[in-house]
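Here's the structure we're looking at; comments come further down.
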Amino acid sequence: MSFPPTSGRRPAAILAAAAALVLSLAACAPPATPASNTASAGTATGRPSSHVHGLSVNGETGQVLLATHEGLFDVSKKLAVKIGPTNDLMGFTAAMDDGVFYASGHPGAGSALPSPLGLVKTSDGGKTWEKLSRQGESDFHALTATKSGIVAFDGTLRTSTDGTTWKTVGAGFIPAALAGNPFSDTVLATTQDGVQRSTDGGATWALDKAAPVIQFAAFASATEAVGVEPGGTVHYSADGGATWTRKGQISGAVQAVAATEGSDGNPRVWAATSTEVVVSTDGGATFRPSDAS
């Protein structure tokens, strides 16, 4: 999700984000014909979709998942493998247990799921999805899991401890992305005015005026976070987004980011751009094409 147009603070960053607006709007429609680079049923070569809504990396197994306009793909290797049905998966986020993910969006052709999807959950890595709540009501473009539950945005910021009942949060901002970690209650919301930060699972928020204006964010652990500006500049935080250090640069239009802990003390940072998946093994200082590209 790109930043909405505004005449507010930091216009340079807002103008840099405007180029992503067309892609964001196109990604909101129900999925059409599967990507033309599909090699055969269940497989695709290269980037399986031009519209990537989410990126998840398992630091222990190395599995790289792309949630796209045409469904979920495992892009751990050069030959991408499609997982499950063709649904337009928005707000894709990992839970605490392996293989458990939450998502929202729109059903694909022939799907029995309602539109919009509301909150759906998979416990088998994306092969099947179960309905949890707000079916036919919510398309959560921003969604994340925390230690105490779920934080989501469908035009209204909401929190849920169980995925079925929701509380409305009067936050007063529109997040481009929400970033959390299942082992922490710290949540980051990227906005056109800067980073909004919550330490109580999304119940209350505070704008960090000193933080960079980032569009995408992800947690590598309960305390380590990365953020990417609309122009691709990468920032790193060792204290859950309280302070930031500028790192390197990602080339190309970034569509999603993910991060995992590194054994050498440097988090691994992943990004899906408009043309490839790239990875950094030095905390975001330098990037190279991943094995999935």
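For residue 249, the residues whose modelled amide H falls within less than 5 Å of its own, excluding neighbours fewer than 5 places apart on the same chain, are 234. With all protein chains kept in place, the per residue accessible area of the range 44-93 amounts to 33 square angstrom at a probe of 1.4 angstrom.
Our summary gives the range 88-161 a relative contact order of 26 percent, counting only alpha carbon pairs under 8 angstrom and 6 or more residues apart.
Across the range 79-94, coupling constants 3J(HN,Hα) worked out from phi with the 6.51/-1.76/1.60 Karplus curve, θ = phi - 60°, read 8, 6, 10, 7, 10, x, x, 8, 10, 7, 8, 9, x, 5, 8, 8 Hz, and Gly and Pro carry x. Available extension along the chain between residue 156 and residue 130 is 7.1 nm, counting 0.36 nm per residue and deducting the alpha carbon span.
Using every pair of separate Cα atoms, the Kirkwood estimate puts the hydrodynamic radius of the range 169-286 at 13.9 angstrom. Subtracting the Cα-Cα distance of residue 199 and residue 165 from 0.36 nm times their residue separation leaves 10.2 nm of extension gain. Other residues whose C-beta falls under 15 angstrom from the C-beta of residue 184 contribute a net charge of -3, scoring Lys and Arg +1 and Asp and Glu -1. Straight-line cross-link reach from residue 247 at under 22 Å between alpha-carbon atoms covers these lysines, not counting any fewer than eight positions away in the same chain: 209.
Along its principal axes, the range 110-164 has C-alpha extents of 32, 25, 16 angstrom, given from the largest down. Here the calculated FRET efficiency for residue 222 and residue 109, from their Cβ-Cβ distance with R0 = 41 Å, stands at 0.55, rounded to the nearest 0.05. For the pair residue 207 and residue 123, label points projected 7 Å from Cα toward Cβ lie 4.2 nm apart.
As a length-normalised measure over Cα pairs under 8 Å and 6 or more apart, the relative contact order of the range 209-293 settles at 22 percent. Only lysines eight or more places from residue 147 in sequence, or on another chain, were considered; those with a Cα closer than 24 Å are 121, 131, 167.
How many percent of the alpha carbon pairs in the range 121-204 exceed a separation of 21 Å? Every Cα pair in the range 121-204 considered, those over 21 Å come to 26 percent.
For the range 104-259, which whole percent of the accessible surface, found with a 1.4 angstrom probe, sits on carbon and sulfur atoms? So the carbon and sulfur contribution to the accessible surface is 47 percent.
Counted by Cβ distance under 9 Å from residue 262, the other residues give a net charge of -2, where Lys and Arg count +1 and Asp and Glu count -1.
Counting only Cα atoms, the range 97-236 measures 47, 30, 29 Å along its principal axes, largest extent leading. For residue 99, the shell of other residues with beta-carbons less than 15 Å away shows a net charge of -4, using +1 for Lys and Arg and -1 for Asp and Glu.
The values are calculated or read from the model by the stated rules, or taken from the named source; none is laboratory data. Keep in mind that this is a model prediction, so the values were computed, not measured. Backbone-built Cβ (ideal geometry, glycine too); neighbour counts: all protein chains shown. Heavy atoms of the whole protein, side chains included, go into the accessibility calculation; ligands, DNA and RNA do not. Shrake-Rupley method; radii C 1.70, N 1.55, O 1.52, S 1.80 Å.
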